[in-house]
Amino acid sequence: MSNRFATLRATKKYKFLGLDIDIQKLSIADVQKVQEEAKVAEAAKDDADANLKLLVTVIRLGVPEMAELSEEEIFSLPMEDLSALSTEITKYSGLGK
């Protein structure tokens, strides 16, 4: 029998490109993954690919219905909206201001 808390996640509605989507708080394991990728992005400094990979990771972890989207599909969406979505996920998870 599995523990009911193992998959429990707090979610909230967020308006993204005119649609209401669910975003979820990141788990500790998710935060650790994001932190590892953030270190790589920081070390790469001006490498846009590393920063975009971090953005995609946060979105895939924080938006269940976007978890299976390819990078190409995510990159077809407006950057400003993706950045705002990523920021909202990290703030909701207690990582941002």
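List the residues, sorted by chain then number, that are 5 or more residues from Ser93 or on another chain and whose placed amide H is less than 5 Å from its amide H.
Leu26
Positive end of the dipole of the chain, charges at C-beta (+1 Lys, Arg; -1 Asp, Glu), about the Cα centre: which of Leu77, Val58, Ala48 has its Cα farthest in that direction?
The listed residue farthest towards the positive side: Val58.
Hey, what did the chain get for relative contact order, percent, Cα under 8 Å, at least 6 apart?
27
Compute the distance in nm between two label points, each set 7 Å from the Cα along the Cα-to-Cβ direction, one at Ala29 and one at Leu69.
Taking the simple label geometry, Ala29 and Leu69 are separated by 2.3 nm.
Find, among the GluC sites (Glu not before Pro) in segment 1-92, those assigned to loop by DSSP (not H, G, I, E, B) with at most 11 other beta-carbon atoms within 10 angstrom.
Glu68
Please sort by residue number the chymotrypsin sites (Phe, Trp or Tyr not before Pro) in segment 1-46 whose DSSP state is loop and whose Cβ has at most 13 other Cβ atoms within 10 Å.
Sites meeting the loop and neighbour criteria: Phe5.
Determine the shape class of segment 6-51: with a ≥ b ≥ c the square roots of the Cα gyration tensor eigenvalues, call it rounded for a/c under 1.5, and otherwise prolate if a/b is greater than b/c, oblate otherwise.
The shape class here is oblate.
Over the alpha-carbon set of the chain, work out the extent along each principal axis and list the three values in angstrom, largest first.
Principal extents (largest minus smallest coordinate, Cα): 46, 32, 28 Å.
Which net charge results when you count Lys and Arg as +1 and Asp and Glu as -1 among the other residues whose beta-carbon is under 14 Å from that of Asp22?
Neighbour charge sum, excluding Asp22 itself: +3.
Coordinate-derived values only; no laboratory data. Not measured: the values here are computed from a predicted model. For neighbour counting, all protein chains shown are included, and Cβ atoms are generated from backbone atoms with ideal geometry for every residue, glycine included.
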